[in-house]
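Undergrad: Below is the structure I would like to discuss, written out as structure tokens.
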Amino acid sequence: MSDSKIIASEILPIQKIRADFPILSRKINGKTLIYFDNGATSQKPQVVIDAIDTYYKNQNANIHRGVHTLSQKITMAYENARTTIQKHLNAEHAHEIIFTKGTTDSINLVASSFGKKFISSGDEIIISAMEHHSNILPWQQLCEEKGAILKVVPINDEGELVMEEYKKLLNEKTRMVAITHISNVLGTINPVKEIIELAHAKNIPVLVDGAQAVPHTLANMQELDCDFYCFSAHKLFGPTGVGILYGKEKWLNAIPPYQVGGGTIKTVSFDKTEYADLPLKFEAGTPHIEGGIGLAAAINYVNEIGLDNIAAYEHELLAYATEALIKIEGLKIIGTAKNKASVISFIVEGLHPFDIGTILDQLGIAVRTGHHCTQPLMQCYNIQGTVRASFAFYNTKAEIDEFLKGLERAIKMLK
Amino acid sequence: MTIEETEQEITEEFELFDDWMGKYEHLIDMGKSLAMIDEKYKTDDKIIKGCQSRVWMHSEWKDGKIIYTADSDAIITKGMVALMIRVLSNHTPDEIINAKLEFVEKIGLTQHLSPTRSNGLVSMIKQMKLDALAYKVQS
């Protein structure tokens, strides 16, 4: 690993990459933007912006319906985007890729449709202590509706799942395991393959929240053998408002439609409706066409750089920042898992994250502060919130140096 | 001093600083010097929830005027809270209800009043005015 780390910063043409992202050259409060809020959303390369621009200038028509040239061409482009995503995820079939509004929508879809068919009173659903609210609330609500029980895998002090406890929670009443691939707060990369294997040994399906994982790592559906995988385009350098639900064909066929309406049907009469085959069964209404096309452009862009290179480079940034941060007096990093993505959450003794974030913003440095939509996790650590810096492959060590200087300044001002 | 006069006074104070750092340092100092709310009022029903920083606020009726005390767990929010109390406290309900609070824009701290979820300040001003309205109806 150390070899690849050394190579990473040398082979990634960072300045060229940075030039691909127009927003990185803009000023904030008179300073050049340093964008360390990639965990919330990523910036967009010119190719993605161009794809959306071209769509509206030259390609706009509704898909799947028209016989006219524009409609046929854009239908092809949209379905090609689906295939690009299928190949990227190494899913077996393109119709296992469902376009949604985002990760939250994808999880809600599964909780609702899977829940209708397979969850009843007394059943158990397993999540973990480090889940985002979006992977808690849909299941919590389902449990309330059906009289099912939510079980939570605890974490250790480092912010890693306690796998022994997970194994104990799996039982004959468990109907679903819904777990995050990478924690948005702790950066922990969870052993999803092992989690899936253990669940499958008891015939329990697994949903993986991949929102934080897809910008940093290859998610290989057939290798992981997961049943559902969810992510948002906007965290993967693509547009907002569009996301993906991967579902195994057998599950997507087994569960009922989520939302119904135009596009989801074969035939409709007032007595009965016959629903369309996958994937259209789950895609009611006119979709976010340019979003799907923009996501495919983002995936092609990322693959040109290579996710392995990206992961190695980001690991280098993470190590560099971590080493410097732990030297700051009174600073504590929340989440010190051995296997970690480029996300650092921290608190500074006696200071409120909101104050630190406000001062950093004045210096043109964008970080996230607060509970990061993980209030139960904050309760585990008995804190109100953290400051979170999350890096993408367009960030640099020079930016980290500026961030450290800014942080020292903020601490001095606030103490 | 009228509400407008206090607003003018604060505006002039902040004009002394030509950079953001000075302004924020001044704000932080004001936060630090804010008279604490009585601990017995720092209860959940006195809390004004923002997404990030929390504000506790208490109002009292004294000789036809309203006295506010408050606290926040974030020092910059506390500084903004201190400004609001300096402007609105010890005035009649009508004066408080009609206050336009334009000084925030003049001193260049409008981002703290943007309708984001990040702090409880907008909700706090609303609560201050609601309290004033309640006292007005009672009196």
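The values are calculated or read from the model by the stated rules, or taken from the named source; none is laboratory data. Predicted, not measured: the structure shown is a model, and the values here were computed from it. Note that we place each Cβ from the backbone using ideal geometry, even for glycine, and neighbour counts take in every protein chain shown. The accessibility values were calculated without ligands, DNA or RNA, using every heavy atom of the protein model including side chains. Shrake-Rupley method; radii C 1.70, N 1.55, O 1.52, S 1.80 Å.
Undergrad: For segment B:3-138, compute the orientation-averaged projected area of the C-alpha convex hull (one quarter of its surface), in nm². Please list the in-between numbers first.
TA: Details: hull surface 31.6 nm².
Value for segment B:3-138: 7.9 nm².
Undergrad: Say a site is exposed when it is one of the GluC sites (Glu not before Pro), sits in a DSSP loop, and has at most 15 other Cβ atoms within 10 Å; what is then the longest site-free stretch of chain A?
TA: Numbers: sites that count: A:92, A:158, A:172, A:329, A:349.
Counting at most 15 other Cβ atoms within 10 Å as exposed, the longest clean stretch of chain A is A:173-328.
Undergrad: How about segment A:81-170: which chymotrypsin sites (Phe, Trp or Tyr not before Pro) there are in a DSSP loop, with at most 15 other Cβ atoms within 10 Å of their Cβ? Don't skip to the end; give the middle numbers.
TA: Working: sites: A:99, A:114, A:118, A:139, A:166; in loops: none.
Sites meeting the loop and neighbour criteria: none at all.
Undergrad: What angle do you read, to the nearest 10 degrees and between 0 and 90, between the alpha-carbon axis of helix A:353-362 and the longest principal axis of chain A?
TA: Between the helix axis and the principal axis of chain A, the angle is about 80 degrees.
Undergrad: Shifting gears a bit: Once you place label points 7 Å from the Cα toward the Cβ at residue A:157 and residue A:53, how far apart are they in nm?
TA: About 5.3 nm separates the two model spin labels.
Undergrad: List the residues of segment A:344-363 whose accessible area drops by at least 20 Å² when all protein chains are present, compared with their chain alone, using a 1.4 Å probe and counting only protein heavy atoms.
TA: For segment A:344-363, once contacts with the other chains are taken into account, A:352, A:354, A:355, A:358, A:359, A:362 lose 20 Å² or more.
Undergrad: What spacing in nm lies between the two simple spin-label points modelled at residue B:11 and residue A:409, each 7 Å away from Cα in the Cβ direction?
TA: Output for this residue pair reads 2.9 nm.
Undergrad: With Kirkwood's inverse mean 1/r over C-alpha pairs for Rh, give me the Rg to Rh ratio of segment A:60-190, two decimals please. Provide the component values of the computation, followed by the final result.
TA: Details: Rg = 18.8 Å, Rh = 17.2 Å.
Value, to two decimals: 1.10.
Undergrad: Check the straight Cα-Cα distances from residue B:106 and name the aspartates and glutamates below 19 Å, setting aside those fewer than 8 residues away within the same chain.
TA: B:4, B:5, B:7, B:9, B:12, B:13, B:15, B:18, B:19, B:25
Undergrad: Using alpha carbon centroids, what distance separates segment B:14-65 and segment A:11-46, in Å?
TA: If you average the Cα positions of each part, the centres end up 36 Å apart.
Undergrad: Next question, about the same structure. What's the Cα-based Rg to Rh of the protein assembly as shown, Rh via Kirkwood?
TA: 1.01
Undergrad: Next question, about the same structure. Can you give the Rg to Rh ratio for segment A:1-91, taking only C-alpha atoms and Rh from Kirkwood?
TA: Details: Rg = 18.7 Å, Rh = 16.8 Å.
We get a ratio of 1.11 for segment A:1-91.
Undergrad: Mind ranking A:42, B:139 by accessible surface for me, highest first, 1.4 Å probe?
TA: Values: A:42 5, B:139 95 Å².
From most accessible down to least: B:139, A:42.
Undergrad: Related question: Is segment A:126-238 rounded, prolate or oblate when judged by the Cα gyration tensor, a ≥ b ≥ c being the square roots of its eigenvalues, rounded requiring a/c under 1.5 and prolate requiring a/b larger than b/c? Walk me through the numbers before you get to the answer.
TA: Values: a/c = 1.42, a/b = 1.34, b/c = 1.06.
Rounded is the answer for segment A:126-238, as its axis ratio a/c remains below 1.5.
Undergrad: Whose amide H sits under 5 Å from the amide H of residue B:48, counting only residues 5 or more places off or on another chain, with H placed in the peptide plane?
TA: Excluding prolines and chain starts, which carry no amide H, the hits are B:55, B:56, B:57.
Undergrad: Still on this model: Taking the dipole about the Cα centre of segment B:3-138, with the C-beta of Lys and Arg at +1 and of Asp and Glu at -1, give me whichever of B:11, B:138, B:96 is farthest to the positive side.
TA: The residue sitting most towards the positive pole is B:138.
Undergrad: Would you mind computing, in nm to one decimal, how far apart the modelled labels at residue A:16 and residue B:4 are, each placed 7 Å from Cα along Cα→Cβ?
TA: 6.4 nm
Undergrad: Evaluate E = 1/(1 + (r/R0)^6) for residue A:240 and residue B:63, where r is the Cβ-Cβ distance and R0 equals 60 Å; express this FRET efficiency to the nearest 0.05. Spell out each step's value before the answer.
TA: Values: r = 54 Å, r/R0 = 0.90.
That pair, residue A:240 with residue B:63, gives E of 0.65.
Undergrad: Separate question: State the percentage of accessible surface on segment A:67-179 attributable to carbon and sulfur atoms; use a 1.4 Å probe and exclude ligands, DNA and RNA.
TA: Working: 2470 of 4870 Å².
Roughly 51 percent, rounded to a whole number.
Undergrad: Among A:168, A:31, A:397, which one shows the biggest mean-square fluctuation in a GNM of chain A, springs joining Cα atoms closer than 10 Å?
TA: So, out of A:168, A:31, A:397, the one fluctuating most is A:168.
Undergrad: On to the next question. Going by a ≥ b ≥ c, the root eigenvalues of the Cα gyration tensor, does segment A:49-303 fall in the rounded group (a/c under 1.5), the prolate group (a/b larger than b/c) or the oblate group?
TA: Numbers: a/c = 2.31, a/b = 1.44, b/c = 1.61.
Oblate, since a/c reaches 1.5 and b/c is not below a/b.
Undergrad: Same structure again: Taking 8 Å as the Cα distance limit and 6 or more residues as the minimum spacing, I'd like the relative contact order of segment A:49-303 as a percentage. Don't skip to the end; give the middle numbers.
TA: Values: 475 pairs, mean separation 60.9, N = 255.
Here the relative contact order equals 24 percent.
Undergrad: Keeping every protein chain present and rolling a 1.4 Å probe, give me the accessible area per residue for chain A in Å². All intermediate terms of the calculation are to be shown ahead of the outcome.
TA: On the way: 17270 Å² over 415 residues.
About 42 Å² of surface per residue is accessible.
Undergrad: Rank these by accessible area, largest first, 1.4 Å probe: A:68, A:372, A:88. Mind dumping the intermediate values first?
TA: Working: A:68 95, A:372 5, A:88 25 Å².
Putting A:68, A:372, A:88 in descending order of accessible area: A:68, A:88, A:372.
Undergrad: Could I ask something else about it? I want to verify the translational diffusion coefficient of segment A:218-259 in µm²/s; compute it with Stokes-Einstein, Rh as the Kirkwood radius over Cα pairs, at 4 °C and 1.567 mPa s. Show your work: numbers first, answer last.
TA: Numbers: Rh = 11.7 Å.
Rounded, D is 110 µm²/s.
Undergrad: Of A:151, A:340, A:272, which is the most mobile in a GNM of chain A whose springs link Cα atoms less than 10 angstrom apart?
TA: A:272
Undergrad: Classify segment A:349-415 from the C-alpha gyration tensor, please: rounded if a/c falls under 1.5, else prolate or oblate depending on whether a/b exceeds b/c. Mind dumping the intermediate values first?
TA: Numbers: a/c = 2.44, a/b = 1.34, b/c = 1.82.
In terms of gyration-tensor shape, oblate.
Undergrad: Still on this structure, I have one more. Please compare each pair in A:31/A:405; A:146/A:168; A:202/A:248; A:57/A:281; B:32/B:129 to a cut-off of 20 Å on the Cα-Cα distance and tell me which ones are over it. The partial results should precede the final answer.
TA: Working: A:31/A:405 14 Å; A:146/A:168 23 Å; A:202/A:248 17 Å; A:57/A:281 30 Å; B:32/B:129 24 Å.
Beyond 20 Å: A:146/A:168; A:57/A:281; B:32/B:129.
Undergrad: Mind checking how much accessible area B and A bury in total, 1.4 Å probe, in Å² rounded to 100?
TA: Details: alone 7920 and 18100 Å², together 24420 Å².
Between B and A, the summed buried area is about 1600 Å².
Undergrad: Here's another thing I want to ask about it. Can you give the extra length, in nm with one decimal, that the chain gains between residue A:259 and residue A:164 once fully stretched, where that is 0.36 nm per residue apart less the Cα-Cα distance? Can you show the working numbers first?
TA: Working: separation 95, 0.36 × 95 = 34.20 nm, distance 3.81 nm.
Length difference between fully extended and current span is 30.4 nm.
Undergrad: Now for a different question. Helix A:69-89: angle to the longest alpha-carbon principal axis of chain A, degrees 0 to 90, nearest 10?
TA: On a 0 to 90 degree scale, this one is about 60.
Undergrad: Another question about this same structure. Put A:18, B:54 in order of accessible area, largest first, 1.4 Å probe: what do you get? Before the final figure, lay out the partial values.
TA: On the way: A:18 40, B:54 65 Å².
Putting A:18, B:54 in descending order of accessible area: B:54, A:18.
Undergrad: Just the Kirkwood number for segment A:81-148, please: inverse of mean 1/r across all distinct Cα pairs, in Å, one decimal.
TA: 13.4 Å
Undergrad: Between segment A:138-194 and segment B:81-98, how many Å separate their Cα centres?
TA: 49 Å
Undergrad: Now for a different question. With all protein chains present, how much of the accessible area of segment A:271-351 (probe radius 1.4 Å) comes from carbon and sulfur, to the nearest whole percent? Could the numbers behind the result be given before it?
TA: Numbers: 1660 of 3440 Å².
Solvent-exposed carbon and sulfur of segment A:271-351 make up 48 percent of the total.
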